[in-house]
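Accompanying notes for the structure given below.
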Amino acid sequence: QVQLLEFGGGLVQAGGFLRLSCAASGRTFGRYRMGWFRQAPGKEREFVAAFVWIGSRYADSVKGRFTISRENSKNTLYLQMNSLKPEDTAVYYCGACVQGSCDTQNDYDEWGQGTQVTVSS
């Protein structure tokens, strides 16, 4: 199994930026596609971004503002979040994608515990 640990969340003003990190252990990190999801209070967990073999994939709500990247030598996945908006407030989770197109929860078999991102207006 893979263990995932997210960090880098926090409180930021609208228009600001944060970089989330997800440290992976227990598997050969570079063999797996990885992604980010988020869950706001009272809402379902939703797709944010995924790093797939042919490139990257983003939700329309974050396209142009967020960038997913990975550093296999450090077993780490990143999410650079710029021009943050209050509606980006959520707990952000990284996951290991094992099937499909990596844009639905069912495509993932492992999740981290999440990191809180709060954007004030």
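The values are calculated or read from the model by the stated rules, or taken from the named source; none is laboratory data. Everything quoted here is computed from the prediction, not taken from an experiment. All Cβ positions, glycine included, derive from the backbone under ideal geometry; neighbour counts span all protein chains shown. Note: accessible area is taken over every heavy atom of the protein model, side chains too, but ligands, DNA and RNA are not part of it. Shrake-Rupley method; radii C 1.70, N 1.55, O 1.52, S 1.80 Å.
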(request) Just need a number here: residues in segment 59-77 that are surrounded by fewer than 19 Cβ atoms within 10 Å (Cβ to Cβ) and under 22 Å from GLN113 (Cα atoms). (result) 8
(request) Test VAL117 against the criterion of being in contact (Cβ under 8 Å) with a residue 24 or more places away in the chain, touching a helix residue (DSSP H, G or I) at 6+ places or on another chain (Cβ under 8 Å), assigned to a loop (DSSP other than H, G, I, E, B) and open to solvent by less than 30 Å² (accessible area, probe 1.4 Å), and give yes or no. (result) no
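Given the condition open to solvent by 40 Å² or more (accessible area, probe 1.4 Å), in contact with a Ser or Thr (Cβ under 8 Å, 6 or more places away or on another chain), modelled with pLDDT under 95 and assigned to a strand (DSSP E or B), answer yes or no: does some residue in segment 40-53 qualify? Spell out how you get there, then give the answer.
Of the residues in segment 40-53, the ones open to solvent by 40 Å² or more (accessible area, probe 1.4 Å) are 41-46, 51, 53.
Subset that is in contact with a Ser or Thr (Cβ under 8 Å, 6 or more places away or on another chain): 51.
Restricting the remaining residues to those that are modelled with pLDDT under 95 gives 51.
Next, from what is left, pick out any that are assigned to a strand (DSSP E or B): 51.
Yes, some residue in segment 40-53 is open to solvent by 40 Å² or more (accessible area, probe 1.4 Å), in contact with a Ser or Thr (Cβ under 8 Å, 6 or more places away or on another chain), modelled with pLDDT under 95 and assigned to a strand (DSSP E or B).
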(request) Hey, can you tell me all the residues within segment 73-101 that are more than 14 Å from ARG31 (Cα to Cα), in a loop (DSSP other than H, G, I, E, B) and in contact (Cβ under 8 Å) with a residue 12 or more places away in the chain? (result) ASN82, SER83, LEU84, LYS85, THR89, SER101
